[in-house]
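Before I ask anything, here is the structure I am working with.
The values are calculated or read from the model by the stated rules, or taken from the named source; none is laboratory data. Quick caveat: nothing in here was measured; it's all calculated off a predicted structure. A quick note on method: Cβ atoms are made from the backbone with ideal geometry, for glycine too, and the neighbour counts reach across all protein chains shown. Only protein heavy atoms, including side chains, enter the accessible area calculation; ligands, DNA and RNA are left aside. Shrake-Rupley method; radii C 1.70, N 1.55, O 1.52, S 1.80 Å.
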Amino acid sequence: MAQAELIRAKTARIAASRRRRRRWLVLVFALAVFAAANLAYLADIRGHQPLLLLSWFDLSVYNHGGLLALHSPATLYSWQLMPGIKFTYTPFAALLFAGTSTLPWTVLTTLVTITSVIAVPLTGWLTFGALGWRGMRRLSAALALAAVALWTEPVQRALHLGQVELLLMLLIVWDLCQGDNRRWKGAGIGLAAGIKLVPLIFIPYLLLAGKLRQAAVATASFVVTTVIGFIFLPKDSASYWFTGYFLHPRNTGSVGALVNQSMLGFLTRLVGTESAARPVWEISCVIIAVLGLAAAAVLHRSGRPVEGWVACALTGLLVSPISWDHHWVWIAPGLALIVDAAVRAGRAGQTGLRAAWYALAAVVLLLFASWPDRLWNAKAGLLQGGLINYAPSASFPSGDNPAYREYHWHGLQLILGNLELLVGLGLFVVVIVVALRLFRSARLATR
């Protein structure tokens, strides 16, 4: 009997040792892939003309907004970088950018780019941790996710423009991954919404999920940012909030531009004018918001909070009047969620379902990948590509001009030019189906 126990103990030690070695090998491989992805990114940047792949165009708008807040606040919301390109962020955001505008431009661009790149693996780390991954397994998954996410079109565009999107996503995910006992959970969402209004959709999600205190904290922190704006920029705050300035999506460019991968952008391109598209968009917006938030709440209440807030983020992308291509960086935690579902299906012995989840992850990654600008152009960069850019588009359009090429798409162009939105709608259907099955299961269990 003692001999058998010794054999079992020895076998267990050997198995544990093999698992540790496998985990180390996986971690080393993930580190190598992550390093290779970043080196390839740097090599592609160095192989092209300056500012072609890192223009920091949006960062320049932020910087001008900060300088205006410091030296000429009366012109903050009338100033234009070029026709149709204005400062559209909140007065609170302008105050933050006023602080960063004191930095030398080279320091600011370097800082924003590096922190944005780091935000990708950190978001993966938080997401996988919330999904129950631990130790080296969690670190390996986060690094592997960051390696592939770096080469998606939304992430590349965010880095190219110097956007704050990756940093705001990290702030929101960090906030949502905090324990419910944390007193200030929700403050990160309110702060993010105080900079960019789209994260406000997480407040009704928290309410429907039963997280009343967190929703109250998010609301209070958002109100605080608004009050700060009124204290330091009273006239600009009145102009922004009381004149409906923030309700005019055209202040950031054409709603029908290819890079606006929202429902309103899709409908505008389809019918030819924003005014004609708005009635249909408003109806579809209400339907998507109700279904999406309800599904997110069901997922959260069924013990799947990560699925819940990813569904909420997806809903926000669909209903927002402007969802630029770089807003779709939420594809990174979305991919983590799909991979986790595949792993769990495999552990449950559901090989068919596991294959289906992995196939979905591969398709999403393929469709969101950063492709060369033109496959047949040997000089085209691997950045700024993406399949959506294979549809003809106008440069910096503004308004509803019938001559814009987006309004004359046909056939495959309609699919490619709206690809990120169409993939998002497909994932939205998956979310609704999963939530509906969970809701039915819960009702049957209650009965």
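When you go through (1) within 30 Å of SER221 (Cβ to Cβ); (2) outside any helix (DSSP H, G or I) one by one for LEU53, which number turns out not to apply?
With (1) within 30 Å of SER221 (Cβ to Cβ); (2) outside any helix (DSSP H, G or I) applied to LEU53, the lone miss is (1).
Going residue by residue through region 91-112, is there one that turns out to be within 17 Å of the chain's Cα centre (by Cα) and at pLDDT 95 or above? Lay out the reasoning, then the answer.
Restricting attention to region 91-112, the residues satisfying the condition of being within 17 Å of the chain's Cα centre (by Cα) are 112.
From what's left, at pLDDT 95 or above: 112.
Yes, because at least one residue in region 91-112 is within 17 Å of the chain's Cα centre (by Cα) and at pLDDT 95 or above.
Residues being open to solvent by 20 Å² or more (accessible area, probe 1.4 Å), assigned to a helix (DSSP H, G or I) and touching a residue at least 60 places away in the same chain (Cβ under 8 Å): count how many of those fall in region 402-413.
1
Need a quick list: helices (runs of 4 or more DSSP H) entirely within region 97-213 having at least 3 residues that are open to solvent by less than 20 Å² (accessible area, probe 1.4 Å) and closer than 24 Å to PRO305 by Cβ.
Numbers: elements: 105-130, 135-149, 153-161, 165-176, 187-195, 202-208.
Once the helices (runs of 4 or more DSSP H) in region 97-213 are filtered for at least 3 residues that are open to solvent by less than 20 Å² (accessible area, probe 1.4 Å) and closer than 24 Å to PRO305 by Cβ, what remains is 105-130, 135-149, 165-176, 187-195, 202-208.
Something else now. If I ask for residues that are in contact with a helix residue (DSSP H, G or I) (Cβ under 7 Å, 6 or more places away or on another chain), within 30 Å of PRO249 (Cβ to Cβ) and aliphatic (A, V, I, L, M), which ones from region 34-84 would you list?
LEU53, LEU54, LEU59, LEU68, ALA69, LEU70, ALA74, LEU76, LEU81
Take the residues in region 237-254 that are open to solvent by 10 Å² or more (accessible area, probe 1.4 Å) and in contact (Cβ under 8 Å) with a residue 40 or more places away in the chain, then tell me which one is nearest to GLY194 (Cα to Cα).
PHE246
Next question. I need the full set of residues from region 255-286 which are in contact (Cβ under 8 Å) with a residue 40 or more places away in the chain and of a type in the set (Val, Ile, Thr), in order please.
Across region 255-286, the qualifying residues are VAL255, VAL259, THR268, THR273.
Pairs only if they're at least six apart or on different chains, beta carbon under 7 angstrom, first in region 28-40 and open to solvent by less than 60 Å² (accessible area, probe 1.4 Å), second of a type in the set (Phe, Trp, Tyr); list them, first residue then second.
The qualifying pairs are ALA37/TRP151.
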